[in-house]
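Starting off with a structure, shown below.
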């Protein structure tokens, strides 16, 4: 892809993914990249680091080779007014719980024909965008990706990020406002920014992408690991993905079955709606991590042998004496339940699909979070409005979901 004019790219966030995207996007000719981070003094710290350094990306490619790239964003700031009005495309590379803060801060500055990208959006991203943007949504386009394009981590804040693996492909949907006119197809521009991998797979409708969000992975694994925990501290932090056992894999597989059943029910009830891209989680690993997974004979093996997951550990917190206990306030539960499973449960409820295993996981997780989303098998808990379930935005029927 070649562009005749400079593209103004805004990366929102200061974590692993934001570092990675800011570095990669800054490599593109005719791209001008700014970073907006609202967290504490992060913008000031990052700016100081890059005074005499560049942002280095150490990448492990899917063919097993390694490489290093260097670049530098034009500006890093905490002031939305200084960067949002010029942005052609805005990437939200922050945890789902932070989307509301960022969207609220940038909404009044967004110009017409801007593309807002959730990378990843996580379940319910579009509901929240439409709610916060209001009438401005008619002049914008909102895109949500099913997951982050890479497994990555910061090695040194502000100046060194590591890509452990690139996904082969990545599903994304686009909601374009009735008064929005884009100068180039949104996915062509995003592909140019990301590079060759992952290959963007356009998904027909945004509800499918909500059901494809990979926030289904963490809560079942957390539940399988810790539901029978006796409260004793551990000497070491256990492996997260590579430590998956039969129980955890079975729970995740059954939750995935319920999501696929929801997609099929919607397809049967709505003519012209294509949900074929909502696939079982094992099939997803086989497709998206085909070069990183060495044994895809079953879900447990696929997760244990995924090279992109090397060394990743359960979220733990110190318990004293050098020991650890699980951190249930980490995003694997605090984010992936209200902005993941609860949203999928809400869609399933609208489609009339029972989700007993998902309900079991949500019930356990909400207890650990001190929240109430689910009462029995119904989404009617007191904390439901703080989630991104469609019911929180007054969507109660399939017509509500598809007539946005």
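The values are calculated or read from the model by the stated rules, or taken from the named source; none is laboratory data. The shown structure was predicted, so the numbers you read here are calculated from the model rather than taken from an experiment. With ideal geometry, Cβ positions are generated from the backbone for all residues, glycine too; neighbour counts draw on all protein chains shown.
Would you mind telling me which numbered condition in (1) modelled with pLDDT under 95; (2) over 30 Å from residue 65 (Cα atoms); (3) within 17 Å of the chain's Cα centre (by Cα) residue 214 fails?
Tallying (1) modelled with pLDDT under 95; (2) over 30 Å from residue 65 (Cα atoms); (3) within 17 Å of the chain's Cα centre (by Cα), residue 214 fails exactly one: (2).
Any chance you could count how many residues in the stretch 85-114 are farther than 18 Å from residue 15 by Cα, crowded, with 24+ Cβ neighbours inside 10 Å and in contact (Cβ under 8 Å) with a residue 60 or more places away in the chain? Break it down into steps so the answer makes sense when it comes.
Of the stretch 85-114, the ones farther than 18 Å from residue 15 by Cα are 85-89, 104-114.
Narrowing further to those that are crowded, with 24+ Cβ neighbours inside 10 Å: 87, 106, 114.
The next check asks that each one be in contact (Cβ under 8 Å) with a residue 60 or more places away in the chain; those that pass are 87, 106.
Selection size over the stretch 85-114: 2.
Collect the residues in the stretch 384-399 that are out of contact with any strand residue (DSSP E or B) (no Cβ under 7 Å at 6 or more places or on another chain) and touching a residue at least 40 places away in the same chain (Cβ under 8 Å), keeping them in residue-number order.
Of the stretch 384-399, the ones out of contact with any strand residue (DSSP E or B) (no Cβ under 7 Å at 6 or more places or on another chain) are 384-388, 390, 392-399.
Within the stretch 384-399, 384, 386, 387, 388, 390, 392, 393, 395, 396, 397, 398 qualify.
From the residues in the stretch 42-84 that are under 18 Å from residue 157 (Cβ atoms), assigned to a loop (DSSP other than H, G, I, E, B) and touching a residue at least 12 places away in the same chain (Cβ under 8 Å), which one is farthest from the chain's Cα centre (by Cα)?
Among residues in the stretch 42-84 that are under 18 Å from residue 157 (Cβ atoms), assigned to a loop (DSSP other than H, G, I, E, B) and touching a residue at least 12 places away in the same chain (Cβ under 8 Å), the one farthest from the chain's Cα centre (by Cα) is 53.
Kindly indicate whether any position in the stretch 110-123 is touching a strand residue (DSSP E or B) at 6+ places or on another chain (Cβ under 6 Å) and at pLDDT below 95.
Yes, the stretch 110-123 contains at least one residue that is touching a strand residue (DSSP E or B) at 6+ places or on another chain (Cβ under 6 Å) and at pLDDT below 95.
Being closer than 21 Å to residue 149 by Cα and buried (at least 22 other Cβ atoms within 10 Å of the Cβ) is the filter here; which residues of the stretch 250-280 pass it?
Correct list: 256, 278.
Could you identify the single residue in 182, 174, 170 that is outside any helix (DSSP H, G or I) and buried (at least 24 other Cβ atoms within 10 Å of the Cβ)?
Numbers: 182 fails: buried (at least 24 other Cβ atoms within 10 Å of the Cβ); 174 fails: buried (at least 24 other Cβ atoms within 10 Å of the Cβ).
Checking each option against the conditions leaves just 170.
Within the stretch 2-36, can you find the residues that are out of contact with any strand residue (DSSP E or B) (no Cβ under 6 Å at 6 or more places or on another chain) and either closer than 22 Å to residue 166 by Cβ or surrounded by 24 or more Cβ atoms within 10 Å (Cβ to Cβ) (or both)?
Answer for the stretch 2-36, where residues must be out of contact with any strand residue (DSSP E or B) (no Cβ under 6 Å at 6 or more places or on another chain) and either closer than 22 Å to residue 166 by Cβ or surrounded by 24 or more Cβ atoms within 10 Å (Cβ to Cβ) (or both): 13, 14, 15, 17, 24, 28, 29.
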